[in-house]
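This report refers to the structure that appears directly beneath it.
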Amino acid sequence: MSKKTLFNDFSEVSTKEWKQKIQVDLKGADYNDTLVWESPEGIKVKPFYNEDDLAGKTTNVATPDWKVGQAIFVHNEAAANKKAINALERGAEDLIFTIPNDEIKIHVLLKNIDLKHKTIYFFLQFLSSEYISKIEEFCKKQEVNIHYNVDIIGNLAITGNWYYNLEKDHEVLTQISKKATNTVGVNVSTYQNSGATMVQQLAFAVAHANEYLNYFIEDTIPNFTFKVSVSGNYFFEIAKLRALRLLWKTLTAEYNTNADCTILAVPSKRNKTLYDYNVNMLRTTTECMAASMGGADTIYNLAYDAIYHKDNEFGERIARNQLLILKKESYLDVVTNPADGAYYIESLTHQLAEKALELFKSIEASGGFLSNLKNHSIQKKIKESAAKEQELFNTEKEVLVGTNKYINKADKIKEDLELYPFVKTNARKTLIEPIIEKRLAETLEQNRLKDE
């Protein structure tokens, strides 16, 4: 049955007619003051959307069949190997390894793991072409997809220093890119967790990536992986991931490259809390759902107790099961591009992309991302956005249930702390001011802990 035949009995309702009807129902109250609100990104959200809001625009980017990931920090190769095998047996599909040093033996870490058709993400906390050669050698006969996520600019942003220096870091990156296809990582997560708005996250991600594209312009451009943190503004977060793919498509077209874009998504730490910590499970569930609807390739979850407990089987199993329920029981892996056709999400996608592109152009006009990092304008923008969000939290306009509103005063956490959940500011010499991640609830929690 055609759309025309199906809706013959219904007259079309124009945007003007919708507004008139709403205005009547408001009984004199102002439409804009009552029903339109403005996001931190400067986007005015209306009470209804229709095809007039798209003006013929479509996102037109494919979203993948997302995979359930398991993140593992490799303190010990044998223990990490056992955890990886256990996670795969219990539903994980992809593995995310963080490796702290080059003494970790790769043949022990990956021993007896069925790597066929798996994706493994490596995050090395050091820069070594030789270590990546060892991984390549071990995996060369296996049908495994490896992403190395080498991010020398991200390391500079987080630590304030290069691994070695600008010249040597780029030299090693070049060596690695000649050995592997999925080489470059862009850590967008840091910008979100430190308080950047969504427009800033997208603009910084594209500007960050553009520094690498400029560097590889005369060589083969490798594939990129964007690590993205997803927070609680559900529809905006769906649109954010879609906008990232749209911006990547726009950017790579300028370089005439087919370099792929992989999105590795994880819930934000910024809105997670110590008190009433079980609410963290509700937060991460909606965040993982937004990541799946937005088109992430791999999603790994944050355990409800991750900010104050060391890695533990119970927390990790619950986190993984949240993803499995979304995928296998809620069937979020069945529908292709589930957000397509939603006027609201499409409108948000294009508004976020357009505003991010505008900010990206201003960054490029002022010397590019590295230059803006070195003169601290990136840090300044993030601090200003973080301060505004912190004020919203402090005045209870942004609510974290159980922490700044609906507080259970009998809730105690001090004796359960295994990790220090607050920002440490150790004085050290750096080339630039590092970008520091900070949770919204930290100051409030520190004050409350004093009274326990």
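Among the trypsin sites (Lys or Arg not before Pro) within segment 363-414, which fall in a DSSP loop and have no more than 14 other Cβ atoms within 10 Å of their own Cβ? When the trypsin sites (Lys or Arg not before Pro) of segment 363-414 are filtered for loop state and at most 14 Cβ neighbours within 10 Å, Lys397, Lys409, Lys412 remain.
Applying the criteria of a DSSP loop state and at most 14 other Cβ atoms within 10 Å to the GluC sites (Glu not before Pro) of segment 139-211 yields Glu143.
Charge tally for Asn233 (other residues, Cβ to Cβ under 12 Å; Lys, Arg +1; Asp, Glu -1): -2. According to the calculation over all Cα-Cα pairs in the chain, the P(r) per 10 Å bin from zero is 4, 19, 29, 28, 14, 5, 2, 0 %.
Along each principal axis, taking the top coordinate minus the bottom one, the Cα set of segment 364-452 gives 53, 31, 15 Å in descending order.
Angle of helix 279-294 to the longest C-alpha principal axis of the chain, folded into 0 to 90 degrees and rounded to 10: 80°. Think of it as helices only: each DSSP H run of n ≥ 4 in the chain is worth -39500 (n - 2.57), and spread over all residues that comes to -13500 deg cm²/dmol at 222 nm. In segment 1-129, what % of DSSP beta bridges are antiparallel (nearest 5)? Close to 15 percent. Peptides 419-425, 275-281 ranked from most to least packed, by the mean per-residue count of other Cβ atoms within 10 Å: 275-281, 419-425.
Entry comment: accessible area of segment 1-145 is 63 Å² per residue, from protein heavy atoms only and a probe of 1.4 Å. I need the shape label for segment 89-168. Rule: rounded when a/c is under 1.5, else prolate if a/b > b/c, else oblate, with a, b, c from the alpha carbon gyration tensor. Prolate shape, in that a/c is at least 1.5 and a/b is the bigger ratio. Per residue, the solvent-accessible area of segment 364-452 (1.4 Å probe, heavy atoms of protein chains only, all protein chains present) comes to 64 Å². Here the accessible area of the chain is 51 percent carbon and sulfur, with a 1.4 angstrom probe and all protein chains present. For segment 117-229, the extents of the C-alpha atoms along the principal axes are 43, 33, 26 Å, listed from largest to smallest. Cross-link pairs exceeding 23 Å between alpha carbons, from the set Lys44/Lys249; Lys361/Lys383; Lys67/Lys105; Lys67/Lys388: Lys44/Lys249; Lys67/Lys105; Lys67/Lys388.
Restricting attention to the chain, close to 5% of DSSP beta bridges with both partner residues there are antiparallel. Listed peptides 65-73, 295-303 appear in the order 295-303, 65-73 once ranked by packing, highest mean of other Cβ atoms within 10 Å at the front.
At a probe radius of 1.4 angstrom, the accessible area of segment 146-243 per residue rounds to 28 square angstrom. Roughly what angle does helix 377-394 make with the longest principal axis of the chain, taking Cα atoms, 0 to 90 degrees, to the nearest 10? Here the helix axis deviates by roughly 60 degrees. For GluC sites (Glu not before Pro), the sites in segment 372-413 that DSSP calls loop and that have at most 12 other Cβ atoms within 10 Å are Glu396. I'd like the orientation of helix 129-139 relative to the chain: the angle between its Cα long axis and the longest Cα principal axis, in ° from 0 to 90, rounded to 10. For 129-139 against the chain, the angle is about 80 degrees. Ala410 sits among other residues whose Cβ lies under 15 Å from its own Cβ, and their net charge, with Lys and Arg +1 and Asp and Glu -1, is -2.
The values are calculated or read from the model by the stated rules, or taken from the named source; none is laboratory data. Predicted model, so just to flag it, every value in this text is computed and none were measured. Positions of Cβ are backbone-derived with ideal geometry, glycine not excepted, and every protein chain shown enters the neighbour counts. We work out accessible area using only protein heavy atoms, side chains counted, and drop any ligands, DNA or RNA first. Shrake-Rupley method; radii C 1.70, N 1.55, O 1.52, S 1.80 Å.
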